[in-house]
């Protein structure tokens, strides 16, 4: 079924963080789917990269092996990505980094991002599979709701334009020219359209055994969670530190649109995603984070938080492989 899409240009993400973030650069140490729109192949730059002058630019790499033949194609106009400002959150300091032996390769979860919509009739089976995945040890599923199906008669209550922008970024990084739902992306590297459980677990297991690129040391302090990151090898370029807020579970009764009459359960619904820092990836980084401690921040009491350490692909500020996911609560 063909449906034209006309949506406004992407909206820049607004930091508006409700937590204390202290960052210091330390001294260097040794199947069905619904498809919409097209993605420009070479958009204008989306903000300057902040890194050491002598650092080598990040090399473009194929990040996602996207499916070639999504079942439902919707032609549409070009989609313009948002401009995300770069943050130089690094403050000089005299604190020495922890000894290298303190940075054991982390046993951190594999992140599975599902781009979904309450208005997508193909999505509920994959939403249900993500709910089952939430019980799997060592896996962090996240539901990101996109807004480009809202015109079908039901506005998704969790959709935000920045989540659509993130999906667009993945598409550009992999050379894809269309967006579709449902789309699963595993650790920012692999994708599949409505896979079966066996196929999805194969992708997850492949990422579980990939070599750790970042060492993580954390400590609870009176100021909050102190997290120290150490590159274990050449990361090839800049890295974004993202704070993700999500609700553990939500049930939605859909009364209009393609899913009219359905009640759908969503797991780990992403409510916000903010960039805390833009790290050059060459030296150790220390962050002290105290999320969710200020009243009136607009997020529900059951909000949970995770830090994503994610490569910025190709110098265009596109999302690349997720190097670490650090759950804060």
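General observations
- Filtering 210, 220 for residues that are more than 29 Å from residue 260 (Cβ to Cβ), out of contact with any strand residue (DSSP E or B) (no Cβ under 6 Å at 6 or more places or on another chain) and not in a loop (DSSP other than H, G, I, E, B) leaves a single hit, 220.
- Residue satisfying condition, being modelled with pLDDT of 95 or more and either within 18 Å of residue 111 (Cβ to Cβ) or buried (at least 17 other Cβ atoms within 10 Å of the Cβ) (or both), within set 216, 139: 139
- Enumeration of residues in the stretch 223-255 that are in a loop (DSSP other than H, G, I, E, B) and loosely packed, with under 13 Cβ neighbours inside 10 Å: 223, 233, 234, 255
- Condition broken by residue 259, with the remaining ones in (1) assigned to a strand (DSSP E or B); (2) buried (at least 20 other Cβ atoms within 10 Å of the Cβ); (3) modelled with pLDDT of 95 or more satisfied: (1)
The values are calculated or read from the model by the stated rules, or taken from the named source; none is laboratory data. Note that the coordinates shown come from a computational prediction; the quantities given were computed from them, not determined experimentally. Counting neighbours? That spans all protein chains shown, and the Cβs are built from the backbone with ideal geometry, glycine included.
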